[in-house]
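Student: Right, I'll just put the structure down here and ask away after.
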Amino acid sequence: MDHQDYFEQKEEELQARKDRLRFAAGMSDFVGVILGVVVILLMLLLIFSLVSWLRRDITNTFTFINNRF
């Protein structure tokens, strides 16, 4: 193996490593976005549940107050 082939092989290995790291970074970004969407949907469900509970509680409170007086 001569001097030029050695450097070409090292350059190819370096480029392959950069490609693997770029792919890993892209996959971690993708997973992060998916997890973010899941968390946002979960938070929306919790907010809707809280609003629904609050409506029922307010209705029950006013019903209780009206029945008492």
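Student: For the chain, max minus min Cα coordinate along each principal axis, in Å, sorted largest first?
Tutor: 100, 8, 8
Student: Another question, if that's okay. Explain nothing, just the number: dipole magnitude of the chain about its Cα centre with +1 on each Lys and Arg Cβ and -1 on each Asp and Glu Cβ, in debye rounded to the nearest 20.
Tutor: 1060
Student: Right, something else. With point charges of +1 on the Cβ of Lys and Arg and -1 on the Cβ of Asp and Glu, referenced to the Cα centre of the chain, which listed residue (A16, N60, V33) lies farthest in the positive direction of the dipole?
Tutor: N60
Student: Just the C-alpha atoms of the stretch 18-58: what Rg/Rh do they give, with Rh taken as the Kirkwood radius?
Tutor: Result: Rg/Rh = 1.43.
Student: For helix 3-68, report the angle its Cα long axis makes with the longest principal axis of the Cα atoms of the chain; keep it between 0 and 90° and round to the nearest 10°.
Tutor: 0
Where a number appears in this text, it was derived from the coordinates with a stated rule and is not lab data. Being a predicted model, the structure only gives us computed values, none of them experimental. For neighbour counting, all protein chains shown are included, and Cβ atoms are generated from backbone atoms with ideal geometry for every residue, glycine included.
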